[in-house]
Structure formats: C-alpha cells, structure tokens
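One structure is given below, encoded as structure tokens.
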Amino acid sequence: MPFGEIVCGSPGSGKSTYCYGKYQLFNAINRPIDIVNLDPANDTIPYPCTINISELITLKDVMNEYGLGPNGGMLYCMEYLEANYDWLEAKLNELGKDAYVLFDLPGQVELSTNHESVKRIVGKLVKSGLRLAAVHLCDAHYITDATKYISVLLLSLRAMLHLELPHINVLSKIDLLKQYGDLDFNLDFYAEVQDLSYLENSLSSSLPPKFAALNMAMISLVEDFNLVGFETLAVEDKNSMLNLTRAIDRATGYVFIPPPDSKPPPDVVDQMDVAPDLRANAYGLFSTAIGPMKGPLSDVRDVQERWIDERETYDAFEKVQWRKEGEALRDEAARSNPMQQ
Ligand SMILES: Nc1nc2c(ncn2[C@@H]2O[C@H](COP(=O)(O)OP(=O)(O)OP(=O)(O)O)[C@@H](O)[C@H]2O)c(=O)[nH]1
Ligand SMILES: [Mg+2]
C-alpha cells in the first residue's frame, strides 16, 4: 500500500527544504521516496522530483493568460489540477504499491485551510488507497511572541479541521530559535501546548485590554479542542529528521522494512518503526556508526538542550566528530588505495 505526506504550511516555512532533506535521508537508509511538486510557482526546485505540476500548468502562464495576480493565479492552478486529476493519477499509478510520496504544496495558507480544491484532491488520493498524513510546518520564530503563537495555533487547528487527515504540526527551523532571544517559557510549553492561560501576562502587557481578552477567548477555544501539539524540526539535523519521521510513521501506520541487502545505520534502525524480526537483521548488517550526537531527540526537552540551552557545546562537539569521521574516511581511502599516496 502506498503511503505519503501532504507537506503544507505558510510561505517560507521550509516545506521544499524539508522534502529535499527527507529525500536525502531516505536515500541513505534505502527507504523508497518520491516527491511531487505541486507548487506551480516553484521554478528552482531543490530536490529531484518525480512528478512536477509545472508539466501541467505554471503560475506564470496563468498570470499572463488571464491577467491574474499571484494569489488568484495560484487558486486557478489548483482548480485546474483538480479538474485534471487524471493527469496526476496516471503519474502516481506508475510509482507502484510500495511508493512513499511527498506532496510539496505552495505556501498560500488558504489552500490548506479554506479553499476546496486541495481538500478534494487529497480526498481523491485517499480514496485511491494512498495513506496520507498532513505535515504542517510553522516557522518556530512565531513562538517568540504570544500573539503570533496564538495565530499559529489557530492556523494549525484550521488546517487540521480542513484537510481531515492524520495531522502532524511542526515547529520548523528550530536551530534558528536561539538567535531571536530568550523565550518566555521552555520549548515544551509551546510544543505541548500546555496551560495557555500563562500567556495572559504577556498579552495584557502588550495589547489593549479588549484585544487581550479576545486573544484569551481564542486560547480557550484551542484548549477546548485539545488537538494542537507540535513536533520540532531542524532539517540538517539527522536526529531531528528521524524523530519527525517516526512521529509521521506512527500517524500513518507505516512500518519500515529495510530491503534484504540494505545496511541502515544502527542509530537509524533504533529510531524507525522497523519490524522486530528485521531489526536484528538490520543491526547485524550494519557496520558504520554515524551520528555525532547522543541518542535521538525523542523528547522536546532534549531539543531545548540541543538548540537553545547548550547549542554552542553541541555545535563544538559535532565539529570534532565530523573532523574525526572525515579523517577516518580519508585513512580508509588511503588504506584501500595505497598507490595514490
Ligand atoms: N536554519 C534553517 N533554515 C531552514 C530550515 N528549513 C528551511 N530553511 C530555510 O528557509 C528558507 C525557505 O525554505 P523553503 O524550503 O523554500 O520554504 P517553503 O516553505 O518551501 O517556501 P514556499 O514554497 O515559498 O512557501 C530557505 O532559505 C531554507 O534554506 C531549517 O530547518 N533550518
Ligand atoms: Mg517551496
């Protein structure tokens, strides 16, 4: 059965970079992956993409042809894709039943919160047998301000209710968080969406009373649903990517079965939902120990330590490890090919 992700979120939240990061990670562990670019304005695609909406329609052509602006043009493109769903379906059918497909969406949030075309396309994909999760990226920068954090909560809730898929919210670019100054609370407060009434002080000191009260009312709405929570992501950090992958696999029910001749690294095997009988096999086959850091960032408190509290220490540690790995690789290459010395 094919599985996949609808990668959505605000402009610049890191969707395309995430798709590329996942492509590299999955290739390294011999896990299947195909990326579908559904952004008709994406003319510098960072990843090798299997299916590209630009072969069907581009935003530039729509704007020229119909005199539309970029946002109206984008909605037109999505409606056009919906009307030509057969085109997408035929291309997806070529991928086979073991495919794992990432759909890289455009950044216009209305596409995943209120416009109907993407929702109906997703519905058709699910009906065709694809098991999907929505991966909704939000720039972690927004948690540095109480009112922005509330808008991100509402946006996440809205996307969740609209797309009607197993849903994973992600605070992206967590590695940049430290540069925005101190947070009012620890990261777990924001990621686990704990008792939001603690935001009251910050809201009433920065807003007129009427707006502070309105924000508090919205907070209680989010709390009533008790649906929103966040994973975290620093796309260049392997542990962070693996941890997120694990959360998504849990949501879709995907179990990673490494191909018989593959050699996933032991720390990767540890973190994936590998079938138990294959776990030992995967361990046995693997010799390369990678991963400069301590164990997986399975807890948001570890993420806080890695990227906020002790960032410099970890960065320095990683640099030393990378140097050692580089030297080891060089030595190995020299040993296997002594003539080149
Ligand atoms: N430091 C850091 N930068 C990131 C990360 N993810 C993405 N970026 C940067 O954020 C910028 C935007 O990333 P994109 O992947 O283009 O974002 P997008 O969501 O696809 O943007 P649109 O398609 O325009 O909506 C790029 O400069 C990326 O390099 C991350 O985890 N850490
Ligand atoms: Mg993009």
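Listing for the model above:
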{"quantity": "Segment 87-103 - residue that is charged (D, E, K, R) and under 18 Å from ARG131 (Cβ atoms) and, of those, nearest to ligand 1 (Cβ to nearest atom)", "calculated": "GLU89"}
{"quantity": "Candidates SER206, SER220, SER240, filtered to the one that is at negative phi and within 25 Å of the chain's Cα centre (by Cα)", "calculated": "SER240"}
{"quantity": "Residue count, segment 150-172 (criterion: among the hydroxyl-bearing types (Ser, Thr, Tyr) and within 16 Å of ligand 1 (Cβ to nearest atom))", "calculated": "2"}
{"quantity": "Residue ranges of helices (runs of 4 or more DSSP H) in segment 164-255 with at least 2 members under 19 Å from GLU5 (Cβ atoms) and open to solvent by less than 40 Å² (accessible area, probe 1.4 Å)", "calculated": "238-252"}
{"quantity": "Residue within segment 10-20 that is away from ligand 1 (no atom under 16 Å from the Cβ) and either touching a Cys at 6+ places or on another chain (Cβ under 9 Å) or open to solvent by less than 30 Å² (accessible area, probe 1.4 Å) (or both) present", "calculated": "no"}
{"quantity": "Meets criteria (closer than 27 Å to ARG158 by Cβ and free of Cβ contacts under 8 Å to residues at least 40 places away in the same chain) for MET74", "calculated": "yes"}
{"quantity": "Test: residue in segment 83-100 that is closer than 18 Å to MET160 by Cβ and either in the same structural domain as THR50 (by TED's automatic domain parsing) or surrounded by 13 or more Cβ atoms within 10 Å (Cβ to Cβ) (or both)", "calculated": "no"}
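The values are calculated or read from the model by the stated rules, or taken from the named source; none is laboratory data. These numbers come from a predicted model, not from an experiment. All Cβ positions, even for glycine, are placed from backbone atoms using ideal geometry, and neighbour counts span all protein chains on display. For accessibility, only protein heavy atoms count, side chains too; no ligands or nucleic acids. Shrake-Rupley method; radii C 1.70, N 1.55, O 1.52, S 1.80 Å.
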